[in-house]
1. Scan region A:329-338 and give yes if some residue there is more than 8 Å from RNA strand B (Cβ to nearest atom), free of Cβ contacts under 8 Å to residues at least 40 places away in the same chain and in a helix (DSSP H, G or I), otherwise no.
2. What's the total number of residues in region A:480-516 that are within 28 Å of A:Asn147 (Cβ to Cβ) and of a type in the set (S, T, N, Q)?
3. Please find, within region A:252-309, the residue that is farthest from the chain's Cα centre (by Cα) out of those that are buried (at least 16 other Cβ atoms within 10 Å of the Cβ), among the acidic types (Asp, Glu) and within 14 Å of RNA strand B (Cβ to nearest atom).
4. Checking A:Ser12 against (1) within 29 Å of A:Ile479 (Cα to Cα); (2) within 14 Å of RNA strand B (Cβ to nearest atom); (3) polar (S, T, N, Q), which test does it fail?
5. Would you point out which residue out of A:Pro71, A:Pro24, A:Pro33 is within 12 Å of RNA strand B (Cβ to nearest atom), touching a helix residue (DSSP H, G or I) at 6+ places or on another chain (Cβ under 8 Å) and in a loop (DSSP other than H, G, I, E, B)?
6. Filter region A:405-430 down to the residues that are more than 7 Å from RNA strand B (Cβ to nearest atom) and modelled with pLDDT of 90 or more, then identify the one that is nearest to A:Thr366 (Cα to Cα).
7. What's the total number of residues in region A:234-282 that are out of contact with any helix residue (DSSP H, G or I) (no Cβ under 6 Å at 6 or more places or on another chain), free of Cβ contacts under 8 Å to residues at least 60 places away in the same chain and part of a helix (DSSP H, G or I)?
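The values are calculated or read from the model by the stated rules, or taken from the named source; none is laboratory data. Because the structure is predicted, anything quoted here is derived from the model rather than measured. Methodologically, a virtual Cβ is constructed for each residue, glycine included, from the backbone with ideal geometry; neighbour enumeration extends over all protein chains shown.
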Amino acid sequence: MLSKTIKEKLISSYTRSFPSFPLPEQFTVEIPPSEEFGDFATNISFISASILHKSPVEIAKSIAGILKEDPFFSDVTVGGKGFINMKVSDDVLRDTLTKIIEEKEDAFECDIGKDKKYQVEFVSANPTGPLTVGHGRQAAIGDVISNVLEFVGYDVTREYYFNDAGNQMNVLARSLWVRYNQELGVDIEMPEEGYRGEYLIDIAKEMVEKVGDEYRERWDEDVKAFFRSYAADKMFDWIKADLSKFNIGFDVWFSESSLHKDGKVNETIEELRKRGYVYEKDGATWFAASKLGDYKDWVLVKSTGEPTYLLTDIAYHRDKAKRGFDKVLDIWGADHHGHVPRVKAGLKALGIEDDFCDILLHQFVTLIQRGKEVRMSTRRGEFVTLGDLIDTVGADVAKYFFVMLSPDTHLSFDLDLARTKSMDNPVFYVQYAHARICNVLKHAEANGLDVNREGDVSLLTTPEEKTLIKDIERLDDAILDAYATFGPHKLTRYVEEVAKAFHIYYTKYRFVDKSNLELSYARLSLVKAVQIVIRIVSRLIGISMPENM
RNA sequence: GCGCCCAUGGCUCAAUGGAUAGAGCAACGGAUUUCUAAUCCGUAGGUUGCAGGUUCAAGUCCUGCUGGGCGCGCCA
C-alpha cells in the first residue's frame, strides 16, 4: 500500500525538481537490504542520471529536499551512491494498519484487470491415464495464478483442454480391449505403444462383470468406439475426482473434437491459406512457420488427410481470441517448449497480437523416496498418481510444495520429507502462526475482552510491531510481483516472512494483559490484521488455515 | 549437431540490472512458572560452475566453454 503512495510522491517531486525533463521510464521503490537505509528506497536518481546529465547524488539530493517537507516521511536521506532512503512516519504506519483492519481485503484492492477477461488454460491432460504429480504441479501453479489474476481484478476463466478423439484414444481403447480379453483368458498381445498401466486391468475386470464376454476376440469400429468412450469416461471420472481432492476446479472443459465438429479447424486452415502461409508438398499441407521466426515449416494436414496436433492447437487459440478474452495464459510442461514458437507463429500468421497469449513453462517434478528417484511413465504404467500423493501428504502440503519454487526450477519432491510434520514443511510454519493467532483471540475472549473492539494503534511502538505492520502492508506488492512474473512462489515466500515476524512478536510479548487493557486491545488489533493477511494469502495459494494444530 | 531451461553456503532454494548475495533445513550453543516450543535467540557456513565482455552498477545482460534437464515427427 505504501510503496504505491511513495511512487506517486516521487513522481511529483521529480517533476517539481526537473519540470522540463521526461519522467524516467522505470524506477522502483523497494525495501532496502538493511534497516539503516530506512523503510523504503528508490533508484530513481540512477535511472534518470543519463536523461538529466547530472550525477545520481545530485539528483537524489534535489528530490530528497522536497520529500523532506512532507510529513508522510519522518526521515529522508541520500545514500552514498545516490539511493534515496525514506522512513515513513509513525502516523502513516498507524493509519495503514487502521485501514487494513477496517477495510480488510479491500485495503489491498487493485484494478489492473478491471473489465478485462483472462483465460488460463492448464493441466489439459488427455484422458489416457490418471493425473501424475507433474500434472499436480501444473494444476497448483495454474490455480494460484488464476487466483492472483482474480485478485488484481480480472474476470478469469480456468480452462481444461483435452483430446477425446485422436489416435491416442484409439490406442487406449485397444489397450483396454486387450486387458479385457486377458481377463477372459484370451492371450492377446499388448500393442507396442499400448498403455500398460494396471489401472486398465481394473477397468477390464469391471467390464467383464458388466458386459460378460460379448467383445471376446471381437474387434471392429463399433467395438473400438465402445471401448474408447468407456475408457475415456472412466479416465475423466478419475481425473475429476483427483482434481476435486486437490480442491481445484475448472470453468470450461474444452473438447478438441468440438473444434473439428464445428468446422473451426477448416476455417483456420483456410484463413492461414488466405494469408499466404500454407502450401502443399509431398501430399501433405504445410505451414510456413519459418516465415514467422520458427526454424522450419510444419505439417498441418497429413497425407492421410488427418489434421496434426499443431493445426488443431492453432485453431484452438484462434477460438480463444474469438471468444473475446483480452489475454490468455497457457501453462505447459517444459517438454512442450518446442511447441511454443510454432503456436506463436500460428497466431502471428492469423494477425493476433503477440502479447495476447503468454505461455508459462514449468520444469519437471521428480519424486524422491528413500533418497531415490521414483520413475514415472504413463505408458509403462509406472507412476505415482496425483491422487496417491494427496492421500499420502495431504492436499495442503502437496499444493504448497508445488508452488513454493519458481516454475523454472526443477522440483525434487521428497515424499519422506513431505510426510514429516516438521519445519521442513513451511506450510506448517505458516499454519501454526495462524493457529496461534486464533488461540490468542480465543484466550482474549475467555478473559472477558471484546475481540471486536478496536484498539488504539498508537500504542504499538516496539520494533517488532513496526516490522509486522510493514510486512502486512506490502501484501499488495507481493501479489503484484506474483502477477507480473507468473511466480506463485512469491506468495509462499511472502507469507513465510509474515509468519516469521508474527512468531517473533508472539515469543517476545504478551497480547492479553488484564493490567493493561488498552495495550491489549491495541495488540489484538494488530493480531487481527495479521490474521486477515495470512488468510488472504492462504486463499490465493489454495490451502487451508486450521484454527487449531 | 541445433534450440529452450538450469547451475548460488553441506542440502533445498530466493534475489523487476542496484547498496554488505538472503531464507529454510542440517550442524553447534542457548531460551519455556506465561496466550500452543510445530516457536524464538545466537554461532558457523560464499571468489554466485569456468573464462572473457557490456556500464555509474552484473548472481542477473552478451559471447565462448563445462556439467545437468527437456525438446528437435506427416506423435500429442
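1. Scanning region A:329-338, I find no residue that is more than 8 Å from RNA strand B (Cβ to nearest atom), free of Cβ contacts under 8 Å to residues at least 40 places away in the same chain and in a helix (DSSP H, G or I), so the answer is no.
2. 2
3. Here the answer is A:Asp297.
4. (2)
5. Testing whether each residue is within 12 Å of RNA strand B (Cβ to nearest atom), touching a helix residue (DSSP H, G or I) at 6+ places or on another chain (Cβ under 8 Å) and in a loop (DSSP other than H, G, I, E, B) leaves just A:Pro24.
6. Selected residue: A:Pro407.
7. Qualifying residue count, region A:234-282: 11.
Condition check ((1) within 26 Å of A:Ala173 (Cβ to Cβ); (2) more than 12 Å from the chain's Cα centre (by Cα); (3) not in a helix (DSSP H, G or I)) across all residues:
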position	(1), (2), (3)
A:Ala107	no, yes, no
A:Asp115	no, yes, yes
A:Ser124	yes, yes, yes
A:Pro127	yes, yes, yes
A:Arg137	no, no, no
A:Ile145	no, no, no
A:Leu149	no, no, no
A:Thr157	no, yes, yes
